[in-house]
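Beneath this line is the structure, given in structure tokens, with notes to follow.
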Amino acid sequence: LACEGRLWSAIVGRPRWLDADLASLAERSGHGTALLEAYRRLGTDLLSQLLGSFSIAVLDPANRRLLLAVDRMGIETLCYAPLEPGGLIFGSTTEQVKAHPRVGATVSEQSIFNYLYCGICPSPGTIYREQRKLLPAQRLVYDAKGLALDFYWQMPYHEHSDVPESELCGSLREILRNAVKRSIH
């Protein structure tokens with residue numbers, strides 16, 4: 001959690017900053033401070049500088065804007081509920097969102113089916129009809145225009161490759177080794 005002036009940020013998880021200055025700032029002053037600086041520099045495009053597992057919230061009252069997002073793989077979660085006639089409640093869990101007195105808690109029949117069939121309530125649904133959950137790599141911006149959802153990243157996919165399969169297998173092993181090393185350090 002960080003606050004500078006009227007700008008607030010919260011970040012949960014194990015984020016990694018691509019920008020060396022932001023990574024250094026995060027190490028010195030915390031990820032919340034780095035998140036505020038990234039927001040000042042890049043606005044809602046700050047997600048281009050984040051890797052790892054995270055969920056973020058940036059509240060910018062001066063511009064009447066709220067930014068919410070989760071990591072590319074959806075390891076962390078963020079749930080939200082739009083309020084009528086306006087407003088938005090959010091939290092890391094459905095229980096946190098449900099705790100607000102203006103948020104309903106009607107159990108969805110479809111979510112019961114999903115849970116029994118899949119063992120989970122897949123995003124964007126939740127157990128409650130009134131709530132939603134961000135999908136992996138999804139960004140929510142709530143401002144004077146209303147609520148807007150988009151994806152800040154998409155998995156690169158190439159159907160055909162000129163690289164031999166044996167080289168691709170070796171590359172995959174190296175990528176997995178590095179990912180495991182990063183996650184345990």
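Just so it is clear, none of the values below were taken in a lab; they were calculated from the coordinates. Bear in mind that the values here come from a model prediction, so they are computed numbers and not experimental data. Please note: Cβ atoms are built from the backbone with ideal geometry, for glycine as well, and neighbour counts cover all protein chains shown.
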Query raised in the report: Once fully extended, how much extra length lies between SER183 and TYR157, figured as 0.36 nm per residue of separation less the alpha-carbon to alpha-carbon distance?
Result: 7.0 nm
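Which net charge results for the neighbourhood of ASN114, defined as the other residues with beta-carbon distances under 13 angstrom from its beta-carbon, given Lys and Arg at +1 and Asp and Glu at -1?
It works out to a net charge of +1.
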Query - For a label point 7 Å along the Cα-to-beta-carbon line of LEU135, residues of the range 61-85 with backbone N under 19 Å - result: 68-82
Query raised in the report: Under the Karplus relation 6.51 cos²θ - 1.76 cosθ + 1.60, θ = phi - 60°, what is the ordered set of whole-Hz ³J(HN,Hα) values for the range 82-98, x standing for Gly and Pro?
Result: x, 10, 9, x, x, x, 8, 10, 9, x, 6, 9, 5, 5, 5, 5, 4
Requested in this report: Note down the Stokes-Einstein diffusion coefficient of the chain in µm²/s, whole number, using a Kirkwood radius over alpha carbon pairs, 37 °C, and 0.692 mPa s.
Outcome: 180
**Report entry** Segment TYR117-ALA105, extension gain: residue separation times 0.36 nm, minus the distance between their alpha carbons
**Finding:** 2.2 nm
Query raised in the report: So how much slack lies between ASP150 and LEU1, counting 0.36 nm per residue of separation and subtracting their Cα-Cα distance, in nm?
Result: 51.2 nm
